[in-house]
Each structure stands twice: as structure tokens, then as C-alpha cells.
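Data first, discussion second: the structure below is written as C-alpha cells.
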Amino acid sequence: MSSVEQIIDALSSLETDLDNLNSRVNDMKKRIIAYSISEIEKQKQKVIAIANEDAKAIIDTARKEAENESAVIMAETEKITATTKRNIANSLPHAVDFVVKTISGQTDLTNTSRNRSTS
């Protein structure tokens with residue numbers, strides 16, 4: 001075999017080795033891409049889980065605040081209702097007496113309305 005043939009054989013062998021290396025590099029790229037996609041999906045799921053936990057905590061806090069505010073409003077409403085009922089109960093005998101006197105003609109409506117506006 002001549003030296004030219006030896007060089008051609010060596011170059012051919014190098015070319016085959018390069019082709020094999022290129023093929024292996026391409027396979028490695030595909031595996032790395034697949035692995036990256038898999039890891040990205042795992043991290044995405046972790047982020048979603050953390051975001052859901054945070055959102056749940058925010059919602060729970062808002063719910064507790066709303067319930068507390070609702071309890072305060074209910075307490076105030078109950079106080080106002082109790083005061084209104086007391087006022088109605090206290091003024092009912094006077095209202096009945098006024099109606100009876102007015103119907104029986106014992107009260108002058110013009111004086112009564114003036115008395116109420118001055119008191």
C-alpha cells in the first residue's frame with residue numbers, strides 16, 4: 001500500500017469517526033432536550049403547587065377578615081335593633097295615648113305638632 005492510499009484510508013477512518021461522533025452528539029442533544037423538558041415540567045408543577053398554597057393562604061386570611069368584620073357588623077346591628085325595639089316599646093304607650101286623645105278630640109293637633117318641634 002502506498003503512502004497516498006494510507007493517507008486516504010486514515011482520512012476515511014477519521015471521517016467515519018467524525019460521522020459517528022456527530023451521530024452520538026446529536027443523540028446526546030436529543031436526550032438533553034428531553035431531560036430539560038422533563039425537568040422544566042417538574043419545576044412548573046412545583047411552582048404551581050407553591051402558587052396554589054399561597055393563593056389558599058391569601059383566601060383563608062381574607063375569609064377570616066371578612067368573617068370578623070361580619071361579626072362586628074352583626075353585633076352593631078343587634079345593638080341598633082335592640083335600641084330600636086326599646087324605643088318602640090318606650091314610645092308605644094305615649095303613641096297609643098296620643099291616638100286615643102286625638103280621636104276623642106282631647107288634643108289640639110296644631111299645639112301637639114308645635115310641642116314636638118320645640119322639644
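Since every read-out is calculated from the coordinates, none of them should be taken as a lab result. Everything numeric in this text was worked out from a predicted model, so none of it was measured.
With mean projected area of the Cα convex hull in nm² as the read-out, I listed (1) 9.3; (2) 7.0; (3) 17.4; which label goes with the value calculated from this structure?
(3)
If you fit an axis through the alpha-carbon atoms of helix 3-104 and take the longest principal axis of the Cα set of the chain, what angle between them do you get, 0 to 90°, nearest 10?
Helix 3-104 sits roughly 0 degrees off the main axis of the chain.
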